[in-house]
Each structure stands twice: as C-alpha cells, then as structure tokens.
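The values are calculated or read from the model by the stated rules, or taken from the named source; none is laboratory data. Note that this is a predicted model, so its numbers are computed, not measured. Every residue, glycine as well, gets a Cβ built from its backbone with ideal geometry; the counts of neighbours run over all protein chains shown.
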Amino acid sequence: MLRLQTPLPAWYREAAPEELDARIESAKAALGRRLVILGHHYQRDEVIKFADARGDSLRLARFAAEQDEAAYVVFCGVHFMAESADVLTAPHQQVILPDLNAGCSMADMADAEDVETAWEELAEVIDTEALVPITYINSSAAVKAFVGRHDGVVCTSSNARAVLTWALGEPGGAAGRGEKVLFVPDQHLGRNTALAMGYRPDEIALYDPRRPLGGLDERTVKEARVLVWKGHCSVHQRFTPAHVAAFREAHPEGIVVVHPECAHEVVAVADLVGSTDFIIKTVAEAPAGAVLGVGTEIHLVHRLATEHPEKTVVSLDPLVCPCSTMFRIDPPHLAWVLDGLVAGEVRNRITVDDETARWARVALERMLTIS
C-alpha cells in the first residue's frame, strides 16, 4: 500500500554516503536524549548502525515507550511497526517513519474491512462468540483494534503457541477461551504453530478473503479448529524444501534453522524453527566451526555471518532478495527526517486515532498478560 509523502530533496538523493553519515551523526548529537532511533533486525547495515536499539517490532515499540525523555521516536522499520510504537508510547512522544512507503506486504494482505466482512460471513455459519480472533503483530493498527474489540489477541512468532493455547487449549487437554480461531494474516505461522501443538491438518482450513466464505463450504468452517488467513511473507515464502536439500548436500553436518513464516513443507525438513530472536540466539550459541543454513531475511543472515566469523552462516536461498519494503528505509530518508527535527519540523509522523489505539492496546496488553 503506497502512502504519500513529500518528495525527497535532491541533496539527500545525490549526497555521498560519508556526507549522509555525518549529517545523521550531527542531528543525533543535536537532538540528544530527545531522540531515539529504532532499528528492526531486517534493516540494512548502513541504517541499523545508527540505531539506539535493535530488535523485532514489539520489542522496539516497548523499548520506545520506556524512553520517557525521548520526544521523537524514529522507527527504521515498516508502517505497522511505527503504528504499534504510536499505540504504546506516551502522548508526548511522536513516532516517525523515514519513508512512508515502507509498508509490509503481509500486513496489507489483511485489510481491516476484509476482516470485518469475513467475521460477518462466518457469523452466518457459526457462533462467533466461540471464535477467537488472533492477529500476528505484522498487521495494521486497525486490524489489531478489530481483534481487541472482539475479545481476541495479538501474537508474535515467539509467543504464537502460548497465544493459541490460551485461545484453544491443547488438543485433548483443557479447553481454551473458545472453540475456533481466526488467525490473521500469516497462514504459515498459524498452520505451523497449530500443527506443532498437535492439531491435525484437517482441523486447519485456509480462509481466502477474496472468495465468499473464504472459499470454504459450511461443513469445513464448522469442523475446523483453526482458520488461517490467506496471507504470507513474501521473503519467507521463497524458501523451499529444495533449498534445504541443496544445503544438506553441500554441508552434510550443517544445521538448518528457519523462521515459522516459512511454508510448512520447509519447516518440516528443518532442524530448528523459531522467531528472529531464536535464530539470532541459535547462531550465537552454535559452536565454533558450525555451519548453519538460515531461512530468513538476507540482511539479518549477512549480519550474523559478519558477527560470527568463526562459524559459517549462509542463506538457504543464495538468490533471496531483501525485504523490499524494509529496504526503502535508507540513509537519505533517515538524514532528511532527522534534519527536519533539528529544524523543528516533524516529517512523516505516524499517528493512530484514539479509538483505534485504545482497542489495539487492549489486544496487545492481553498478549503480554498471556505471555
């Protein structure tokens, strides 16, 4: 989803890297503690080196909320991340996204109006009082607010199992909050988590928002325990079992670790599966000389390889592209928004209206209670 912003002035587009670096450092010094820069793990190195904190979207949003002296929070990530930061930070803190066109294709696959429509269609077939909506953190504030209003919850890749257990209970175990789950927007995280918990494949159904009733018949909707939205991460969906096989052939003793946003066929043949933080920890704790094939965003893989030269860390897909929307955040845009702050002008501020923020916060805080 493209978002309009002021065109980047020519100087920033044409400046040499060292000129931009000097401009950014100067602005940071001038703003001092009034500024905090957040860098998502998938950011390019020439941007993340300026970050005051690195992490996933939720960790960074919570970090920003703890920086009470910071009036300006520059989020080097994507739009939904900046929205989450605005939801969780204090009224005196302003959240800024260096490039408004840095969106998330996965988040854009679950428009709030489509989720509303899906809920209404499902209500004609099942009792939605027993349906628990769960949205992955990679979603808009409007979708998080929908979930909050309907007694649902947000999840991350780290706590998806805990959240699903709260919602459904373990198969054959104690009951959960409801009888069914609508998991938005990443089908792979929802499916992989449910299967790992012991739910059968026939208890999981793919809901396609572009088709009436998600392309499902009434019987399937009634019998399914987990309805997963037809959405995905364009980066993680690129990895295939063939990539894993090629890595194993080249490195028979190697370790394959992938993100749960990968398709189940890839997860099923990996050695380890986990969140971005899990992948970072796995590489850090691997012994010297270890060879690891990693299925996640390429900037992070390259950074891990650089930070651990005593190990061999490679991408499972040698041709994988970086997250194209995250890649929009670059030194020219970062320098431009920082120069604006020094001059007293807030550029590219991200704001979430009070009502949306209130219900999105409910869903986020419910997740923190569960976790």
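Has the stretch 206-223 got any residue that is free of Cβ contacts under 8 Å to residues at least 24 places away in the same chain and either under 30 Å from residue 314 (Cβ atoms) or of a type in the set (Val, Ile, Thr) (or both)?
We begin by selecting, within the stretch 206-223, every residue free of Cβ contacts under 8 Å to residues at least 24 places away in the same chain; these are 208, 210-211, 215-217, 219-220, 223.
Filter once more, so that each one left must be either under 30 Å from residue 314 (Cβ atoms) or of a type in the set (Val, Ile, Thr) (or both): 220.
Within the stretch 206-223 (the criterion being free of Cβ contacts under 8 Å to residues at least 24 places away in the same chain and either under 30 Å from residue 314 (Cβ atoms) or of a type in the set (Val, Ile, Thr) (or both)), the answer is yes, since at least one residue qualifies.
Conditions (1) under 17 Å from residue 121 (Cα atoms); (2) in a loop (DSSP other than H, G, I, E, B), marked per residue:
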| site | (1), (2) |
| --- | --- |
| 157 | no, yes |
| 167 | no, no |
| 178 | no, yes |
| 183 | yes, no |
| 190 | no, no |
| 195 | no, no |
| 206 | yes, no |
| 227 | yes, no |
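The helices (runs of 4 or more DSSP H) found entirely in the stretch 1-94 that carry 2 or more residues being within 29 Å of residue 144 (Cβ to Cβ) and touching a residue at least 12 places away in the same chain (Cβ under 8 Å) are 45-48, 57-66, 79-88.
Could you say whether any residue in the stretch 190-202 is over 17 Å from residue 143 (Cβ atoms), touching a Pro at 6+ places or on another chain (Cβ under 8 Å), buried (at least 19 other Cβ atoms within 10 Å of the Cβ) and free of Cβ contacts under 8 Å to residues at least 60 places away in the same chain? Yes, the stretch 190-202 has at least one match. Restricting 328, 347, 303 to residues that are touching a residue at least 24 places away in the same chain (Cβ under 8 Å) and under 20 Å from residue 89 (Cβ atoms) narrows the list to 347. Of the helices (runs of 4 or more DSSP H) that lie entirely inside the stretch 274-371, those containing 2 or more residues that are surrounded by fewer than 16 Cβ atoms within 10 Å (Cβ to Cβ) and either touching a strand residue (DSSP E or B) at 6+ places or on another chain (Cβ under 7 Å) or not hydrophobic (A, V, I, L, M, F, W, C) (or both) span 276-285, 298-307, 354-370. Screening the stretch 95-119 for residues that are part of a helix (DSSP H, G or I) and at pLDDT below 95 and picking the one that is nearest to residue 148 (Cα to Cα) gives 107. Just give me the residues in the stretch 158-180 being within 15 Å of residue 195 (Cα to Cα), of a type in the set (Lys, Arg) and over 23 Å from the mean Cα position of the chain (by Cα), in sequence order. Across the stretch 158-180, the qualifying residue is only 180.
Rundown of residues vs (1) at pLDDT below 95; (2) surrounded by fewer than 23 Cβ atoms within 10 Å (Cβ to Cβ); (3) not small (Gly, Ala, Ser), yes/no style:
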| site | (1), (2), (3) |
| --- | --- |
| 175 | yes, yes, no |
| 186 | no, no, yes |
| 208 | no, yes, yes |
| 213 | no, yes, yes |
